[in-house]
């Protein structure tokens, strides 16, 4: 497969992370998680800095370039907007991508000797390859001979970080919603955002108006975190209450899945 010159640098970083993942030692696993995280960020950096003709004629206002590049969160927020605007079909989970990045920071800065679980590394890998595929218009999985892993494992609990626990719970809720949508409408419909599913299926899932309002607030806060947008963030947001809301909604969805 012929690659554009600007797509080769990020690919080399992905290959380096894959080598450490395949080696499988404790240190290799830590390096692999950091490697996939770094590669994801470089993919976005390279793409945003390209002239429009080299990024599928996708225009980015000059004043928005700095805004998109200011943090990891703003970069993956850009990826989410790009995917939505270009109507790209992908299994990429922006929420999971942010969660893996936060976990990487915990591992990198705490020095507590934590070794990432294999399914965490596979999830970080698959999301990284999905970002590469979406931005550079290639199938990175096929190119690298990587098989996507089924997202069946729960995200690990990280008790010392309430924001991570909130995002973990949101991801589990999102997974349940997608399973329900697949059951009701098929896999293609399941690739939309969580709140679109909530709007369409909330009534039949038994979501009350009060629960819908709380979920709307939880989704707004999640978007603020993902995009790194202070204007979206809710002042004095109660993560514990929002996490309880997501657990409540998730239980309703799982009841429908089991019925």
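Helix 162-185 and the long axis of the chain differ in direction by around 80°, with both axes built from C-alpha atoms. Projecting label points 7 angstrom from Cα along Cα→Cβ for residue 54 and residue 213 puts them 5.1 nm apart. With R₀ fixed at 22 Å, the C-beta to C-beta distance from residue 118 to residue 90 puts the FRET efficiency at about 0.45. Per residue, the convex hull spanned by the Cα atoms of the range 19-68 amounts to 73 cubic angstrom. Beyond 18 Å, the tail of the calculated P(r) for the range 1-113 holds 58 percent of the Cα pairs. For the chain, the longest principal axis of the C-alpha atoms and the axis of helix 239-258 are separated by about 80°. Placing pseudo-labels 7 Å out from each Cα toward the beta carbon at residue 257 and residue 8 gives an inter-label distance of 4.4 nm.
Please list the three semi-axes, largest first and in whole Å, of the ellipsoid equivalent to the range 162-258, using sqrt of 5 times the eigenvalues of its alpha carbon gyration tensor. Walk me through the numbers before you get to the answer.
Numbers: eigenvalues 102, 40, 28 Å².
Working through the eigenvalues yields semi-axes of 23, 14, 12 Å.
Out of (i) 6, 29, 36, 23, 5, 0; (ii) 8, 34, 37, 19, 3, 0; (iii) 7, 23, 27, 22, 14, 6, 2, 0, which label holds the value of P(r) over Cα pairs in 10 Å bins from 0, in percent that was computed here? The calculated read-out lines up with (i).
We did not get these values from a lab; they are worked out from the coordinates using the rules stated. Fair warning: this is a prediction, and the values are worked out from it, not measured in the lab. Positions of Cβ are generated from backbone atoms using ideal geometry, with glycine treated the same way; all protein chains shown enter the neighbour counts.
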